[in-house]
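Notes follow the structure.
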Amino acid sequence: MNLMRLRHLIALAAVAPLLLQSAPVQAAQALPPGHSKHGRYVRWSYPSQMTYGPLETGAADSGEGSAAGAFLTLPFRGPHYITSLFDHCYPNYGTDGRVCRYDGVQATSHGGGPDPGFTEGYAQTPGGHDYLYYDGHDGYDYGLFYEPVAAAAPGIVMLANWLDPNCHTCLSGKTIEIKHSNGLLTFYGHLSRIDVVKGQSVRRGQVIGLSGSTGTATGPHLHFGVYYVNGDGPVDPYGWSGSYADPWPRDLGDLWITGSPRFADIPMPAVSVSAVPDSTDPKAIDVTWSSPGGGNTFQVYVVLQDGSMKPWFSNVGSRTEVFRGRSDQSYWFWVSVTTDLGWSDAAGSAPVHTPAVNHGQGV
């Protein structure tokens with residue numbers, strides 16, 4: 001039995017007595033951390049899950065200071081909706097009629113009432129649409145629609161596979177787990193593509209895969225979670241700032257490096273490409289390309305007048321080259337780049353028209 005499955009079994013054993021006492025039906029349906037038992041559904045709106053609004057922008061203020069062991073940055077780039085949060089009451093995929101956010105705010109099935117479209121999300125105010133999602137959830141869901149997923153911290157890949165190789169519609173589908181040096185692992189679920197392998201070292205901000213909707217997913221998104229490697233259960237990276245004792249006793253404080261979630265401080269690619277007529281040859285075009293980033297490799301294509309695209313250079317660095325074409329033709333150039341962390345960008349040049357050559361005119 002591998003460590004991953006042992007961790008899941010230990011986690012289930014730890015919460016089983018609570019589930020059996022409070023909700024026998026839910027106990028029978030309980031799942032390992034990181035995995036929903038729900039079928040697919042389409043949410044009608046995205047009410048704010050966090051104190052600072054519905055979007056994770058990488059610039060929000062959670063109002064908390066980082067813990068001594070803080071080590072995380074966001075596992076993506078750019079603003080994205082937070083569609084589900086970590087339920088401190090309790091993150092075991094059982095249902096107890098409460099969702100408890102990291103700041104102590106609660107939403108209940110008997111108070112605000114359930115979302116008619118997803119009954120384990122509850123309104124904060126009676127009859128309101130200010131739902132918190134969802135009862136028993138043990139991580140954060142981000143609305144990434146088939147987009148790059150990044151390692152939230154340096155570490156070693158423990159799992160890079162279907163969570164259940166025998167069932168591609170079960171649990172979190174294509175999943176990556178990264179073990180860190182502090183006894184914790186980060187978890188990335190419902191991926192459509194995996195770009196790393198078990199045992200591989202990864203860097204902060206490195207692209208490890210593409211988000212998706214594999215497994216039992218609620219549409220395309222990323223399930224991101226933090227768990228003890230030894231199977232002691234999940235950890236909320238936001239910690240706890242409520243006015244009462246944390247109902248979930250295994251948290252370690254705010255684990256974001258700056259106290260509030262931020263994107264990894266890495267150079268991101270942004271291709272710049274120019275094409276200008278050569279001053280010495282009317283059929284020649286000087287083409288220059290570059291981009292920020294580390295370890296950049298470029299692919300360069302020439303686009304002909306008929307719209308066809310042909311490779312020109314592959315796996316090269318920033319440079320200037322001279323393209324020699326034919327008279328009275330339009331050309332432009334498409335350049336893509338990939339950094340050593342797996343991020344990519346692309347851009348095209350302005351078109352350049354080579355002059356026509358009159359009969360009898362030298363070239």
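Since every read-out is calculated from the coordinates, none of them should be taken as a lab result. Worth saying up front: this structure is predicted, and the values here are computed from it rather than measured. Don't worry about glycine lacking a Cβ; one is built from the backbone with ideal geometry, like all the others, and counts go over all protein chains shown.
Among Ser201, Ser291, which comes first, then next, by fewest other beta-carbon atoms within 10 Å?
Values: Ser201 12, Ser291 25.
With the sparsest Cβ surroundings first, the list reads Ser201, Ser291.
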*³J(HN,Hα) across segment 303-316 via Karplus (A = 6.51, B = -1.76, C = 1.60, θ = phi - 60°), whole Hz, x for Gly/Pro?*
9, 7, 4, 7, x, 6, 10, 10, x, 10, 10, 10, 6, 10
_Modelling each spin label as a point 7 Å along the Cα-to-Cβ direction, I'd like the Ala347/Ala245 distance in nm, to one decimal._
5.7 nm
_Please state the shape class of segment 277-322: rounded when a/c is under 1.5, otherwise prolate if a/b exceeds b/c and oblate if not, all from the C-alpha gyration tensor._
oblate
*Taking H placed 1.01 Å from N in the peptide plane, check which residues at least 5 places from Ser290 or on another chain put their amide H under 5 Å from its amide H.*
Ser272
*In terms of modelled amide H atoms, which long-range or inter-chain residues lie less than 5 Å from the amide H of Gln329?*
Thr354
*With θ set to phi - 60° and the Karplus curve 6.51 cos²θ - 1.76 cosθ + 1.60, what are the ³J(HN,Hα) couplings of segment 105-117 in order, to the nearest whole Hz, using x for Gly and Pro?*
5, 10, 10, 10, 5, 8, x, x, x, x, 5, x, x
_As a test of the formula, what do you get for the chain when each DSSP H run with n ≥ 4 contributes -39,500 (n - 2.57) and the sum is divided by the residue count, at 222 nm and rounded to the nearest 500 deg cm²/dmol?_
-2500 deg cm²/dmol
*Relative contact order for segment 130-190 using alpha-carbon pairs under 8 Å, separation at least 6, rounded to a whole percent?*
25 percent
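Kirkwood hydrodynamic radius, computed over distinct alpha-carbon pairs, for segment 105-160: how many Å, to one decimal?
Numbers: mean 1/r = 0.0734 Å⁻¹.
Kirkwood hydrodynamic radius for segment 105-160: 13.6 Å.
Relative contact order (percent) for segment 272-353, with alpha-carbon contacts under 8 angstrom and 6 or more residues of separation? Please report the intermediate quantities before stating the final value.
Values: 187 pairs, mean separation 28.4, N = 82.
Dividing the mean separation by the residue count of segment 272-353 yields 35 percent.
For a footprinting-style exposure proxy, rank His190, His129, His180 by other Cβ within 10 Å, fewest first.
Values: His190 29, His129 12, His180 18.
By the 10 Å Cβ count, ascending: His129, His180, His190.
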*So what is the relative contact order of segment 213-363, in percent, for Cα pairs below 8 Å that sit 6 or more residues apart?*
19 percent
*Cα centroids of segment 67-134 and segment 156-216: how far apart, whole angstrom?*
23 Å
_List the residues, sorted by chain then number, that are 5 or more residues from Val316 or on another chain and whose placed amide H is less than 5 Å from its amide H._
Phe298
*Could you give me the ³J(HN,Hα) list for segment 86-94, computed from phi with Karplus coefficients 6.51, -1.76, 1.60 and θ = phi - 60°, whole Hz, x at Gly and Pro?*
7, 8, 6, 10, 9, x, 10, 6, x
*Ratio of Rg to Rh for segment 40-152, alpha carbon only, Kirkwood?*
0.97
*With labels modelled as points extended 7 Å from the Cα through the Cβ direction, what inter-label distance (nm, one decimal) is found for Ser48 paired with His110?*
2.8 nm
*In segment 272-353, how does Rg compare with the Kirkwood Rh, expressed as the Rg/Rh ratio over alpha carbon atoms?*
0.99
*Can you tell me the 0 to 90 degree angle between the C-alpha axis of helix 3-22 and the longest principal axis of the chain, rounded to 10?*
40 degrees
*Could you work out the mean projected area of the convex hull around the alpha carbons of the chain, in square nanometres to one decimal?*
21.9 nm²
*Which of Lys283, Lys310 comes first, and how do the rest follow, when ranked by fewest Cβ neighbours within 10 Å?*
Lys310, Lys283
